[in-house]
Every structure is written in C-alpha cells, then in structure tokens.
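Reviewing the structure listed below.
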Amino acid sequence: MLENYELSPGEKKFIGWHLVFGILALSIGSLFGPLQAFEHAGLDLYPYLQPLFKSYYQGLTLHGVLNALVFTTFFITGFLTLTVTYGLTRPLRYPKLNAVGFWMMVVGLVTTAVPLLMDEASVLYTFYPPMQAHWSFYLGLTLVVVGSWVEGWGFYYTYYAWRQENKGVRTPFISFSSLITMVMWQIATLGIAAEILTMLLPWSLGWIDGADPQLARTYFWFTGHPLVYFWLLPAYISWYGMLPKQAGGKLFSDSLARLAFWLFLLLSVPLGFHHQFVDPGVPAGWKFLHAILTYSVFLPSMLTAFTVVASLEYAGRQRGGKGLLGWIRALPWDDPSVTAQLLAAILFVFGGIGGLTNASYNVNLVIHNTAWVPGHFHLTVASAVTMSFMGISYWLIPYLTGKKLWKPKWAVIQSWIWFVGMIIFSNAMHVVGLLGAPRRTPLGLAPYIPEEWNGHLLRVGIGGAIMFVGMYLYVFIVAKTAFAKHAEPATVEIPVAEAMHDPQETPDWLDRWVPWLIGTVALILVAYGPQLIDQIANISLTSPGFKVW
Amino acid sequence: MAGHKDSEHEEFHPKGTIVVLLIFVLTLIILWGSVYVILLSRGVTV
Amino acid sequence: MKRFLLYGFYTLLIVVVGGAFAFKVFQPVQVLPRIRLAPGFALIDQAGERLTNEDLRGQFTLYNFGYTRCGSACDLSNQSMREMQDKLDELALGDIPVTLVTISFDPEYDTPERLQAYAESVGADPARWRFATIADPSLLKYVIGGGFETYYEAQDDGSFAFDPAFVLVDGWGIIRGEYRYQTMASDAERIMRHLEVLADEAINSKGSASVAYEAAHYFLCYAP
Amino acid sequence: MTTKQSMHIDPYEKNWIRLSIGLLVMFAAAVAVAGFALGIQVPTSEQRVDPKTVAEVGPWANPGLRELSPGKYEAYVLAQTWQFMPREMTVPAGSEITFYITSKDVQHGFKLQDTNLNVQIVPGQVSKLTITIDEPGEYTYICTEYCGLAHAAMFGKLIVE
C-alpha cells in the first residue's frame, strides 16, 4: 500500500522549507568549525574577521546554536513530517497548524540570530546563567521550541485521525517511531521551558534581579540529554526503518525495534544529572541514581546495534555476500545515502563508548569539561546524526524536488571525506582531553599548555580542515541538486523497509500509549521530582547578570 | 503467509552480526577500562 | 488468582514508591547529616576543672574557637553564642541539655583566670557556656585543626588568624553541623533551628519511629 | 484479532541482550566499587552562599591555603573573571587538602591536572572536595568552564614539595 502513496506538492514544499532553513543554518554554523580547530592548532584567524565577528566565543556560540540546535530541529521536524504522513499514508490533519509551528520556528530563528550576530549573546549553546544574553536570544529559542511543539501537535492530530480510520492496525513503524520521538521531545523540553520562562527571560528583561545558577543547570540538563536523543532518534528511524530497504534487505526485528523506541521514551529524560556529576549543588546519591539510569538507556542502543547490523547482514547476504564478514563488502557502498549512514554508524560506535565513559559517575572526573567531551559529541551529533541526515537528504531532496542527485559519486566521496576528517579530529580531541585540555577554550591563547598536547592539537586542526571540505562539498552537492535548471527528472521511491515478521503479529502492548506514558511520567517523578522540589523550594535568586565577552 | 515468513527467517542466522558486535564489545571494554584505570591511578577524592 | 497477585504486587509497588516519593517531597521528618566523629580531648576550663569529650556525652555541644586577646574579631562569634545561650530555654529540646564550649587556641596567655574574666565580660552563664583550652599547643592543633577542621594560626604580633566557625556535636559525639562561613541564613538562627531538629530526632527516634528517621537520613532530608 | 501475537526474539539477539545487560552490570559494579569502596567520589551538595557578598566577608575574603594540623590543609579558592585567588599554593607531599571553591560572578570550572579533582564552580554554591597528593611536582589548576573573553588565561599552580 505504501508504494502508491505520494505526498502532495504542497507537503513536499513544506518539508523542503524545513530543509532549506536547516541546511542554511548548518552552512553558516559550520563556517566557524575550522576557525576553532585552527585556533587549537595555533593559527588564530579570528583577528582577521574583525569587526564582523568579534571573538572566538561568538564563533563558538554560532557554531553550537546553529548546528546543534537550529539545523537539527528544522531538519528533524521536516523529516518527521515526511515519516508521519508517508507512514500513515494520509496527509496532515491540520496542515495550517503545522505551518503555524514552522513559521514560529522561523521567527524564533531570526530572533535568536540577531543578538548572536551582534555579539549580544555569546553565551554558548548551554547559556549558563549568570552569564546573561540579550533577552531576544532566550525569546527566540523559546519560539523555536514552541514552534516544534506545535508541529508535534499537528502530528498527533494526524495520528488520531489515522487511528480512527484504522482501528486495530499496528502503527507503521516509521510513523510510530516518529511520534515517540516527538512525545519524548515535548516532555524533555519542559525543563528548558521552565528555565527560560520562569527565570532567564524575566531576569534578562530586568524584572527579577537575580537567577539561581544551580537550578538553571538542573532545568537545562533535564532537557539537555534527551535533546541528544531527539537528534539521534530520527537517525535511528532511518537506520531501522529505511536503511535495510536501501541496502536491499529487511528489518530484522520489528517488535524489538518498537521496544527500543519505547525504552527511549521511558529512559531518555530521567538521567540529566549525569551532566552534573561535578556540580556542587546536587547530592551524590542522586548523581549515582542517574548514572545507573543512563546505563539503562544504553540498553536500547545495544538493541539497536544488533537489529541494525543484523538487518544489514541480511541485506548483504541477499546481495550475495559470503563468509562471516563478506556481507559487509556486498552492501551498496556506491549508494551515497547508504554509505553516509554506514559510516555514521561506525563513528557512532566510538561515540557510544565515549558516552558510556562520560556517564560512569566517578570515571567522569577524568574527562569532565575536557576536550574529550566535544570530541565525544562530534561523534554523536556531528557524525551519527549529521551524517545520517546528509545521507537521508541524498534521497529526500531528489524526492522533494523531482531532480536527480547531482553526481552521486561525489556524494559518496563527500561521506568518506567527512568520515576521515572526523576520525582524525575526534581522536585527537579525546586524547588531548584525557591529557587534561579543557573544552570551550581557545587553547592557542592558553598560557599553561604542556608540550605534549601540541601534536594532538595539530591533528585537531587537520581534522577540522578535512571536515570543512566535507561539509561544503555536501552543501554544494545539495544546492547543485536543488537549484539545477536542467536536471534529469528523478523518480524516487521513499525507502521503507519491510519487517521479516508481519508487524501485525507484534504484541498489542507495543502499540499502546497509555501504560508507557504513565511509566515515563512516573520514572521522571521518581528520578527528578525530589531534587527538583528541593531546589525549587530553596531557590535563591542571588546572581545578577554578567556580560563577560 | 506468516508461516512462509517464519521459514524464510529460520534460514538466516546473524553470525556475522555477532562477530561485529563482539569486536565492538571488546573495544568498549578496552577503551572504557583504560579510562577507569586512569581514574584509579589518580587516587582518592572524597 | 495469578492476576490478583499481580495487581496486589502493582499496588504494593505503587504504595512503596509513592510513599517514598511523598516522604522525600513533604519531608515529615528532617534530620541533620552525620558528618563524622568529633575528636576526643581533655581540656581545662575557666574554673580549672577538667572538661573531656566524654563529659559531654548525652547532650548537645556547640563549639566555637577564639582567644581572650581577640578584640573585636571575636565580637560577632561571641554575640551569636550569647544570643543562643539566652534563647536556649525557648527552644523545644525536651530535657536534653546543651553546652556551649569556646575553645581557646592561645593557651600560653589564656589561663583559667583570664578565661574566667573573659567569660564574665561576654556575659557567659557558667552553667551553660564554658571556656577551655589545653596547655600543649601541638595537641590543641590536632583537636581544633585536625578534629574540628577549623583553622587558626599564630601571627608574629601575638594575634591569631582564624575562622570564626561553629561546630555542632550530638550526644553520641558525632559532628552534625559545621558553620564555617556565612550561608544564606544567620548562623545563630540556623544553629537554633538545627538544635531543635537534633532534639526531635533524639527524643522521637525510638522503636518503629526510628525507621522514619533512618529513612530521612537515607533520603537526605536535611534541615536547611 | 485473529493473527497470532508474539514477541519473537531471535536466539542470537536474546543472547546479545543478556550479554549487554551483563556488561552494563559489570561496569556499574566497577564504578560503585571505585566510588563507595575505594572512595573516589564526586562532589555532593554543600552550603549555599551569597555570591554578592562572598568575596567580602568570611574565608573567601582572604582566600588561600591554610594548615589545619600537620599534613592536613584546607584551601579556600575564589574564582572570578578571569583568575583564581590564590594563584599559587604550596603544600608538602602526602598532604590531605580540602578545597572549598566558589565564584563571585559567573560559573567557572576547577580542574587540578593529573588528579581526580575536577569540579564545576557555581555562584551561590560551594564546591567541596578533598584529595591527597603524594607525588611531588607542579600541578596546574585550570578553569574548565567558559567564563568570558580571557577564560583561557585563567589558571593557577599547586606546588607539592
């Protein structure tokens, strides 16, 4: 039934606009990547950018906000619009509602970008108070988040309408997982909403004199870690629900894929204290509890590893791969979309290992706030997620525009370039972090650098330069495709993987929302409630704002 | 229909997957363990 | 039957988890942390009598540290002690006595007579507030610096650099409160509130009620 | 529904799940042993102070290292844009040092290189952690949280003799 369904031109255009804004943000945000990497390697180019860009930190803030917050949110809401409607084979129930959400995000983006570009909000993407940005920065972020909520509500209405028409039918996997992603996001962002609306916004407007930096951190990391899963889950949707088809196989286990997504909903939120292991205002016992909960959310990722690799093995064997590992060679490495996602998954293995290290309570002391951390999250958000999104866009943009991808061979090369650059960069960052190099620091200016860091810092610069080439090759290919005047028309079939077992045979409890939602809320209350109440009851709004950049 | 799919499934044993994942687990233990050893070597923090 | 058991199990689970949660949120019982053991010592007080940590078992003791030639540097600390001494009767402590002890870190100068005179000058009630010291300076350093973890150091001009800290010890000789620096509330206010919390635990944590107090320790329901 | 519902799990995958759980339990046990048996702990909540006055009265008005008793020290460290007070401290090898660190303005970080001492400094909170250093040498402490333009220049030295 899926093959016959086609999105309307209006819907394609709507999704396309998400990508336009997302990739635009990515291409601006990525400009600053090599500047930071070169700075680490001893070549500071920021003085030459005066007065356009004032400082390393303005660049770093733009890099973080535009890449990690804006690009992801726009791309994801766009991609989920596709997976929800295409999976359910029905148009959006209230397209105008989704349009409202989208334009709220755009207005939010502009509202955020203005103070960022004017150097009025160089607070990095974590915007820890009492460092105080211009109020429009907080307002803009709020609009982006609320806009994404509104789009999510549009998905729920669509799902509800579909459910009325299809009683007793299992929700198609790609739609099912998209809805879970959105629900998780909406629960998770309550933290940041509370932080901005009850504290930072009134404080930056001068309505209250002080902020409580510790409570703000707790609010922020309530959202901050599930934010990572909001980035990651759309990539998982593609890895589970689409990649097997692209590789010529089937989804190995539909029911475990669904279970993994439920576990992500259940466990993504109540573990934020693992970002606050070294915070002075959180009791150690709660930190340990969240460390254990973080371990448990590693489990669905282990499930994912098995199911995805097994699906790929099946695909490889269908394509004639022989022997224990011969199926890997047999995968369609000439398909840019597949290559990008396979390389993304390989890098993600190391991201996962680093992540488990970060989450390991006292082990975190070794690498907390060191260059290890950006090394780690460049393997997750900038590899697993970004490369998967690049891979997705290699079929999505032809699908939306009806134009063939410009030089697929170059797109394959692009993935490899990014992959190689990322390996050099992230490995160097991890090593230099273990040696003690701090994150968020223009190390070229630091007076305390020991000799032994220099070789690794040089590798950071080299890796950054290679990634820069990879990134703009991507932007070039995508732009060349989208804006081609005389492109060959493309007939793209949206890759949706069949499961080896009929999804209709999966247990009923894997398609019921209420128990899982109750469980999710209950677990959040247990893991966060007491500490949040403690911190809110003892709130002390004593910190005035500082502009220190 | 269902029976047909089952039989198709029986033929496929993801042995290669196990190999790939065991390599992953080994890497995980080695890398994680090395940071853990650094932690222990640096002494007590109360 | 099996289904019934399952529901019973769920209900029990909800009651336990919900109960623990409500306990932490509403904190019907609050306690003070058990920080570590207070040091042992044998001092000589202003009346020339021995004062050991064993003598202070079974009662609450609040320590501060100073010396008689202190001048205005000790005023704030002494005022707080005086305020607490005068308000002890108003606190709900049951029958548990409270002793205030000021340990002098200037034994060379602070003889019992001088301590006596100083005690009178700051309005100390000898039944409640005792001044004491040890003749051996290195022993004194181990008690105050090592045990109570409070800093003092002789200066060249004969004065002392020191921290006007308070340490609260319970009837078992366990340190339950350290007041080293100005927190959000005034020291005297906090200490008096803490004395009541301590008394509440000492009086009520008997039999089955002790479970609630242990739970309060476990769930870190510490009085602010 | 007439179709048979079952949670089909491939035997290979079942074993993988078992292995994953076992692995995570092992790691958790290792972490717990290091934390609760060997005493390598993370900071826990301490007292709260007023960042507006903390640099004027009390121990942070005069930050520095102080000997409590032989071999036992306390170090009050005040972080501010863009320096640590004090910038240099000296202790004998084998000393036990308790750090009390707070900030009078924005957030900072405090990492004593080559040791496990690594804390976030949050205004209004006191980061307290105790370490013992046996190996003589010069240990740099650096600011690990972005705190403004000259963040990279914020560091100090602990000399262990």
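Structural remarks
- Each peptide in A:122-131, D:37-46, A:281-290 was scored by the mean count of other Cβ atoms within 10 Å over its residues; highest first, the order is A:122-131, A:281-290, D:37-46.
- DSSP beta bridge pairing in segment D:59-160, given as percent antiparallel to the nearest 5: 70 percent
- Taking Cβ atoms as reference points and 15 Å as the exclusive limit, the residues near residue C:39 contribute a net charge of -1, counting Lys and Arg as +1 and Asp and Glu as -1.
- Between C:211, C:15, C:169, the GNM of chain C built on Cα springs shorter than 10 angstrom shows C:15 fluctuating the most.
- Segment A:89-118 versus segment A:361-428: alpha-carbon centroid distance in Å: 25 Å
- Kirkwood analysis of chain A, using all unique Cα-Cα pairs, places the hydrodynamic radius at 23.9 Å.
- Peptide B:20-30 - average C-beta neighbours from other chains (10 Å radius): 5
- Neighbour-count ranking [beta-carbon atoms within 10 angstrom, fewest first] of A:84, A:349: A:349, A:84
- Here the relative contact order of chain A, from alpha carbon pairs under 8 Å that lie six or more residues apart, stands at 19 percent.
- Equivalent ellipsoid semi-axes, segment D:59-160, via Cα gyration tensor eigenvalues times 5, rooted, Å: 22, 14, 11
- For residue D:121, the residues whose modelled amide H falls within less than 5 Å of its own, excluding neighbours fewer than 5 places apart on the same chain, are D:108, D:109, D:110.
- Test item: D:11-19 mean partner chain Cβ contacts at 10 Å: 5
- Most mobile listed residue (C:26, C:65, C:148) in chain C, GNM with C-alpha springs under 10 Å: C:26
- Of all DSSP-defined beta bridges confined to the protein assembly as shown, some 65% are antiparallel rather than parallel.
- Put in order of Cβ neighbour count within 10 Å, fewest first, the listed residues A:376, D:8 become D:8, A:376.
- For chain C, the Kirkwood hydrodynamic radius comes to 19.2 Å, computed from all pairs of different C-alpha atoms.
- Scalar couplings 3J(HN,Hα) for segment A:307-323, obtained by applying the Karplus form with A = 6.51, B = -1.76, C = 1.60 to θ = phi - 60°, are 4, 5, 5, 5, 4, 5, 4, 4, 4, x, 5, 4, 8, x, x, 10, x Hz; x denotes Gly and Pro.
- Local electrostatic count, residue A:460, Cβ distance below 15 Å [Lys/Arg +1, Asp/Glu -1]: 0
- Long-range amide H partners of residue C:122 with built H, under 5 Å: none
- Order by protection proxy (mean Cβ within 10 Å, highest first), peptides C:69-76, A:268-275, A:352-359: A:268-275, A:352-359, C:69-76
- For chain C, adding -39500 (n - 2.57) for each run of n ≥ 4 DSSP H residues and dividing by the number of residues yields -11500 deg cm²/dmol at 222 nm.
- Restriction of the trypsin sites (Lys or Arg not before Pro) in segment A:451-549 to DSSP coil positions whose beta-carbon has at most 14 other beta-carbons within 10 angstrom yields A:485, A:512.
- Estimated dipole of the protein assembly as shown in Debye, rounded to 20 [Cβ of Lys and Arg +1, of Asp and Glu -1, Cα centre]: 4220 debye
- Counting neighbouring beta carbons within 10 Å and listing from fewest to most, the residues C:80, D:95, A:415 come out as D:95, C:80, A:415.
- Projected over every direction and averaged, the convex hull enclosing the alpha-carbon atoms of the protein assembly as shown yields 42.6 nm².
- Of all the options D:66, D:18, D:87, the one that moves most in a Gaussian network model of chain D with Cα springs shorter than 10 angstrom is D:18.
- For segment C:180-189, putting each phi into the Karplus relation 6.51 cos²θ - 1.76 cosθ + 1.60 with θ = phi - 60° gives couplings of 8, 8, 5, 9, 5, 10, 6, 4, 4, 4 Hz, in residue order, rounded to whole numbers and with x for Gly and Pro.
- Net +/- balance of residues flanking residue C:83 in space, Cβ distance below 10 Å, scoring K and R +1, D and E -1: -1
- Rg and Dmax over the alpha-carbon atoms of segment C:150-224 stand at 16.4, 58 Å.
- DSSP beta bridge pairing in chain C, given as percent antiparallel to the nearest 5: 60 percent
Values quoted throughout were computed directly from the atomic coordinates according to the rules given, and no laboratory measurement underlies them. Just so it is clear, the structure is predicted and the values come from calculations on it, not from any experiment. Because the Cβ atoms are built from the backbone with ideal geometry, glycine has one as well, and the counts that use them run over all protein chains shown.
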